[in-house]
Amino acid sequence: MDKIRTGETRRETKETDIYVFVQLDGRGSADIDTGIGFFDHMLTAFSVHSGISMTVKVKGDLYVDCHHTVEDTGIALGQALGQALGTKSGIVRYGTFYIPMDESLAMCSLDISNRPFLVFNAEFTNQSCGQYDLCMTEEFFRAFAFNAGITMHINLLYGTNDHHKAEAIYKAVAHALKAAAEYNPDGSTLSTKGVL
């Protein structure tokens, strides 16, 4: 169980050029540059609170909007995480966490199961925070969950400030993921099937 879990992905399309490296058992050090300040802020929080050290370098067609950059980053980050988790055997598998961010409260409950799914219940008041379209929060986590093989339920219970709402969501996912990716003390695979 002393193996260092890492994953690395390079995704190049006509819309984006993305490099991602993750180390699951790192110290949550973040080297993030997506060209979208608020998204960098969210991914940095995600790295710090999950304990996953990550490098994320993105060049996207931001002259169009942020859609391709955010969604494709979710794809690449999910692929890198899935690679780092390997067979997913011997991990706790489940994680649930609530995060308060001033007046906002968000929760995430997830299962690292190889059966990707996303339930996303959150509403935002404004269209954007900086150059980040808030509707892309759902798209990011859908791309991330489906490429990492995670069943993920995200619920924003309440809040008024969109910055706080989004940040609470990213941090809730981070803490739930941190708990789920931990190793079981006995190294067993938590499944009646014997495999995930």
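The values are calculated or read from the model by the stated rules, or taken from the named source; none is laboratory data. Please read these numbers as outputs of a predicted model, since none were measured by experiment. Counting neighbours? That spans all protein chains shown, and the Cβs are built from the backbone with ideal geometry, glycine included.
Quick one: count up the residues across the stretch 14-55 that are polar (S, T, N, Q) and within 17 Å of Met136 (Cβ to Cβ). Walk me through it before giving the result.
First, the residues of the stretch 14-55 that are polar (S, T, N, Q): 16, 23, 29, 34, 44, 47, 50, 53, 55.
Narrowing the set further to residues that are within 17 Å of Met136 (Cβ to Cβ) leaves 16, 34, 44.
Residues flagged as polar (S, T, N, Q) and within 17 Å of Met136 (Cβ to Cβ) within the stretch 14-55 amount to 3.
Which pairs do you get when a residue that is under 24 Å from Ser113 (Cβ atoms) and at pLDDT 95 or above, found in the stretch 150-166, comes within reach of a residue that is among the acidic types (Asp, Glu) and outside any strand (DSSP E or B), reach meaning Cβ atoms under 9 angstrom, with the pair 6+ apart or on two chains?
Going by the 9 Å Cβ cut-off, the qualifying pairs are Ile154/Glu138; Leu156/Glu123.
Of all residues in the stretch 1-25, how many are acidic (Asp, Glu) and either assigned to a strand (DSSP E or B) or within 27 Å of Ser128 (Cα to Cα) (or both)? Before the answer, list the steps.
Pass one, the stretch 1-25, residues acidic (Asp, Glu): 2, 8, 12, 15, 17, 25.
Checking which are either assigned to a strand (DSSP E or B) or within 27 Å of Ser128 (Cα to Cα) (or both) leaves us with 8, 12, 15, 17.
Within the stretch 1-25, residues that are acidic (Asp, Glu) and either assigned to a strand (DSSP E or B) or within 27 Å of Ser128 (Cα to Cα) (or both) number 4.
Condition (residue is in contact with a Cys (Cβ under 6 Å, 6 or more places away or on another chain), acidic (Asp, Glu) and either crowded, with 23+ Cβ neighbours inside 10 Å or within 27 Å of Asp65 (Cβ to Cβ) (or both)) applied to the stretch 118-135: is it met by at least one residue?
yes
For the stretch 14-38, which residues satisfy the criterion of being touching a residue at least 60 places away in the same chain (Cβ under 8 Å) and surrounded by 18 or more Cβ atoms within 10 Å (Cβ to Cβ)?
The answer is Val20, Val22, Gln23, Leu24, Ile36, Phe38.
Among the numbered criteria (1) touching a strand residue (DSSP E or B) at 6+ places or on another chain (Cβ under 8 Å); (2) at negative phi; (3) of a type outside the set (Phe, Trp, Tyr), which one does Cys129 miss?
All conditions are met except number (1).
Please state which one of Gly28, Gly35, Gly95 is assigned to a strand (DSSP E or B) and of a type in the set (Gly, Ala, Ser).
Within the list Gly28, Gly35, Gly95, the selection yields Gly95.
Can you find, within the stretch 39-75, the residue that is surrounded by the fewest Cβ atoms within 10 Å (Cβ to Cβ) among those that are in a helix (DSSP H, G or I) and over 15 Å from the mean Cα position of the chain (by Cα)? Steps first, please.
In the first step, residues of the stretch 39-75 are kept if they are in a helix (DSSP H, G or I); the result is 39-50, 67-75.
Still in the running and over 15 Å from the mean Cα position of the chain (by Cα): 67-68.
Details: His67: 16, His68: 18.
The qualifying residue surrounded by the fewest Cβ atoms within 10 Å (Cβ to Cβ) is His67.
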